[in-house]
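Comments concern the structure below.
The values are calculated or read from the model by the stated rules, or taken from the named source; none is laboratory data. The structure presented is a predicted model; accordingly, all values stated were derived computationally and were not measured. Note that each Cβ is placed from the backbone with ideal geometry, even for glycine, and that neighbours are counted across all protein chains shown.
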Amino acid sequence: MFEIEFTPEALDDLKALKKHEQVQVVEAIETSLKHQPTEEARSRKRLRPNAVAEWELRVGKFRILYNVDEQVHSVSIEAVGFKIGNLLFFRGRKREL
């Protein structure tokens, strides 16, 4: 089982969401990333190399960007945002990956 940790930036991203959205995102993180975070699935994929994270979890319009350290069995949540069309937003600001 993997330990899940949030970076300070990811916590700020999460706090910027509405309460029911926060619950939805946290529940998805708990169910999807605790056991096999590096196994690609319909809602989970490895990203092209970028400065933010190696993996993405999709939950509806939300995108959770994370890294995995398999040596110590930990998942680091790097950013939580949402997608509109082809644009990705974190804390209300458009961001490129």
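Testing residue 94 on (1) more than 17 Å from residue 6 (Cα to Cα); (2) surrounded by 12 or more Cβ atoms within 10 Å (Cβ to Cβ); (3) touching a strand residue (DSSP E or B) at 6+ places or on another chain (Cβ under 6 Å); (4) at pLDDT below 95, one condition comes back false. Which one is that?
For residue 94, the exception is condition (2).
Quick one: is residue 70 charged (D, E, K, R) and touching a residue at least 24 places away in the same chain (Cβ under 8 Å)? Walk me through how you get there before you give the answer.
Numbers: charged (D, E, K, R): yes; touching a residue at least 24 places away in the same chain (Cβ under 8 Å): yes.
Considered against the rule, which asks whether it is charged (D, E, K, R) and touching a residue at least 24 places away in the same chain (Cβ under 8 Å), residue 70 comes out as yes.
Only one residue in 70, 39, 56 is under 20 Å from residue 16 (Cα atoms) and of a type in the set (Asp, Glu). Which one?
Only one candidate qualifies: 56.
What number goes with the only condition from (1) closer than 21 Å to residue 16 by Cβ; (2) without any contact (Cβ under 8 Å) to a residue 12 or more places away in the chain that residue 91 does not pass?
(2)
Residue check: is residue 2 surrounded by 11 or more Cβ atoms within 10 Å (Cβ to Cβ) and either out of contact with any helix residue (DSSP H, G or I) (no Cβ under 7 Å at 6 or more places or on another chain) or aliphatic (A, V, I, L, M) (or both)?
Criteria not met by residue 2.
Given the conditions (1) touching a Lys or Arg at 6+ places or on another chain (Cβ under 9 Å); (2) in contact (Cβ under 8 Å) with a residue 24 or more places away in the chain; (3) not aromatic (Phe, Trp, Tyr), and given that residue 43 satisfies all but one, which numbered condition is not satisfied?
(2)
Could you please give the count of residues in the stretch 1-27 that are without any contact (Cβ under 8 Å) to a residue 24 or more places away in the chain and outside any helix (DSSP H, G or I)?
Matching residues across the stretch 1-27 total 1.
Mind counting the residues in the stretch 26-72 that are within 16 Å of residue 14 (Cα to Cα) and of a type in the set (Gly, Ala, Ser)?
2
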